[in-house]
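A.B. asks: Have a look at this one.
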Amino acid sequence: MSDPAAQHVIVVGAGLAGLACALRMGELSRHRKLRLRVTLLEARRRLGGRATSFLDQQSGEEIDNCQHVTMGCCSAYLDLLRELDSLRHIEWFDEQYWMLSQGEGRSRRVRRSVIRPGAILGVGPGLVSHATSFVRASFLSLPSKLAIGQAALAISTCDRTEHRDHTFIDWLASQSQPHEAIERFWRPIVVSACNLDPERVCAATALHVFQDGVFGGANAARIGIPNAPLARLYEHAESLLASRGGQLLLGEAAEEITPTRVVTRIAGGTRVHNADVVVCALPFEKARRVVAQRTNDPRFAAMDTFNHSPILGVHLRFDRPVLDVPHAVLVERDTQWLFRKDREGRQIHAVISAADAWMDLSEDQIATKVCEDLHACFPASTTARLEHIRAVKERFATFAATPAFERSRPGPLAEDATSPQVILAGDYTATDWPATMEGATRSGRIAADTAFNMLQRS
Ligand SMILES: Cc1cc2nc3c(=O)[nH]c(=O)nc-3n(C[C@H](O)[C@H](O)[C@H](O)COP(=O)(O)OP(=O)(O)OC[C@H]3O[C@@H](n4cnc5c(N)ncnc54)[C@H](O)[C@@H]3O)c2cc1C
């Protein structure tokens, strides 16, 4: 039952940032004995925002908007899944399969390498096999491996915040990385993790991925892949929130947000929700549209300069198995990752990050390009017939993590502000993380702590 004397917090947007924020507010209020009532408002009828699944009308299957991958280093996101009793839906892999296809027709040669990320240098307990897997990798020449090893050493000791003003390609040039090492090693990792090419991405953002993830030790570098549609990961969220004194309102889109009020659109009109504190956990392009009085708020001036980077997720079903590994990185191919979605490998998912060049292609053109890459790296697939394709284009998938963006990411509150403010959460806020489920979850926690402190002081 709702407590009328409790202070009211409204969190707008039930993506990972909003979910993490609302659940943490409930938890904080329980432990620190502040009477709070939390309302989580979401425009759609499902949870998870950009990390969710939907019913594909054509196939009748519940599919993800795109394959989402997590890593062992994503501690906040994994904690959230634990709270939601959904960690069991994540399957962990120590090994990655890297495929390099060279030549054409009968002279085609496919090199398959099994890599255990975690370390290049083999320093630390249990990392020798990881380093050995890199030494053995057949898609890189010895000079490239030596250069990557040298750069890995520099990464392990550098202060990444000193590299906010440069792009990662500048940083790679400063480390004399050969073209082959850039194209076959650094680029595939950076494009997948940061959704931007090394020529555009902020060096500090890319370095973060290698410091905390790829070279961060055996556990940090493990990749986790959900084995259930993403929406199922949140199926306990509503009851968990209710057990912490909160409520979830679906199907209400915020039209205007102020520090103490949210106006939503509902069937037949509008509704006004009053609050003591409001957290806006919307993507930046939506936040700047609905937060009122934004002209006086320096956080929004920066937001007007932010840009997006698109991602393409392609669901494919063949008449026979085409993929004999759980997932694969396709080296020097436009299709970057393939994931096996069933036991046999008939159903697969292709991911293309930083997918600007694909956004205007038709589904047929997309099928042709992805199948070309699949056939090149898995030649046995050439005899398979494509039965079904569904391409999901996400034009506004993530922010473009350029140096200019990194310099101006807003915090939850504007510094030095004297009047009440809307608290901001979302993957784009200042967490130091690329656009990831981890960054979004962390931003939600930071927003909850900020809101809680404000209420304690009031
Ligand atoms: C195609 C794709 C692939 C990705 N792959 C990965 C990956 O492999 N690994 C990874 O870690 N990250 C990945 N990401 C990034 C990750 O999904 C996002 O960084 C993260 O989900 C963002 O969460 P958020 O809560 O900040 O924002 P969102 O998820 O955008 O949540 C915002 C919520 O607000 C709601 N909303 C919008 N407008 C209103 C309104 N007016 N009123 C009320 N509610 C509203 C939305 O419906 C949504 O639920 C990927 C993203 C995309 C799009």
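All of the numbers you see were taken from the coordinates with simple rules; none came from a lab. These figures come from a predicted structure and were not determined experimentally. Cβ: placed from backbone, ideal geometry, glycine included. Neighbour counts: every protein chain shown.
A.B. asks: Would you tally the net charge around LEU127, using a Cβ to Cβ cut-off of less than 15 Å, leaving LEU127 out, and scoring K and R as +1, D and E as -1?
C.D. replies: Overall, the nearby charge balance is +1.
A.B. asks: Return, ordered by residue number, the residues of the stretch 439-453 whose backbone nitrogen is under 17 Å from a label point located 7 Å along Cα→Cβ of HIS236.
C.D. replies: Zone members listed by number: none at all.
A.B. asks: Still on this model: Relative to the Cα centre, what is the charge dipole magnitude of the stretch 240-393, using +1 at the beta carbon of each Lys and Arg, -1 at the beta carbon of each Asp and Glu, and rounding to the nearest 20 debye?
C.D. replies: 540
A.B. asks: For the chain, rounded, prolate or oblate, judged on the Cα gyration tensor with a ≥ b ≥ c (square roots of eigenvalues), a/c < 1.5 rounded, else prolate if a/b > b/c?
C.D. replies: Here the chain falls in the prolate category.
A.B. asks: Continuing with the same structure: For the stretch 259-298, what's the relative contact order in percent, using C-alpha pairs closer than 8 Å and at least 6 residues apart?
C.D. replies: 30
A.B. asks: Right, another one. May I ask which residue of ALA328, GLY103, HIS163 lies farthest towards the positive end of the charge dipole of the chain, with charges of +1 (Lys, Arg) and -1 (Asp, Glu) on Cβ and the Cα centre as origin?
C.D. replies: ALA328
A.B. asks: Would you mind computing, in nm to one decimal, how far apart the modelled labels at GLU91 and HIS31 are, each placed 7 Å from Cα along Cα→Cβ?
C.D. replies: Spacing of the two 7 Å Cα→Cβ label points: 3.4 nm.
A.B. asks: Something else now. Relative contact order (percent) for the chain, with alpha-carbon contacts under 8 angstrom and 6 or more residues of separation?
C.D. replies: Dividing the mean separation by the residue count of the chain yields 23 percent.
A.B. asks: To the nearest µm²/s, what D does Stokes-Einstein give for the stretch 308-399 at 20 °C and 1.002 mPa s, using the Kirkwood radius over alpha carbon pairs as Rh?
C.D. replies: 163
A.B. asks: To continue, here is another question. Taking every DSSP beta bridge that has both residues in the chain, what percent is antiparallel when rounded to the nearest 5?
C.D. replies: Antiparallel: roughly 70 percent of the beta bridges in the chain.
A.B. asks: As an exercise, identify the GluC sites (Glu not before Pro) in the stretch 31-122 lying in DSSP coil whose Cβ has no more than 10 other Cβ atoms within 10 Å.
C.D. replies: GLU104
A.B. asks: Anything in the chain that counts as a DSSP H helix reaching 27 Å or more along its axis (C-alpha) with Kyte-Doolittle mean of at least -1.0? List them, would you?
C.D. replies: Both cut-offs are met by 437-457.
A.B. asks: Need one word for the stretch 108-221: rounded, prolate or oblate. Basis is the Cα gyration tensor (sqrt eigenvalues a ≥ b ≥ c); a/c below 1.5 gives rounded, then a/b vs b/c decides.
C.D. replies: oblate
A.B. asks: Run the numbers on the stretch 308-399 and let me know its relative contact order in percent, using alpha-carbon pairs under 8 Å that are six or more apart.
C.D. replies: 46
A.B. asks: Looking only at the stretch 255-279, which residues have a backbone nitrogen under 20 Å from a spot 7 Å from the Cα of GLN247 in the C-beta direction?
C.D. replies: 255-258, 260-279
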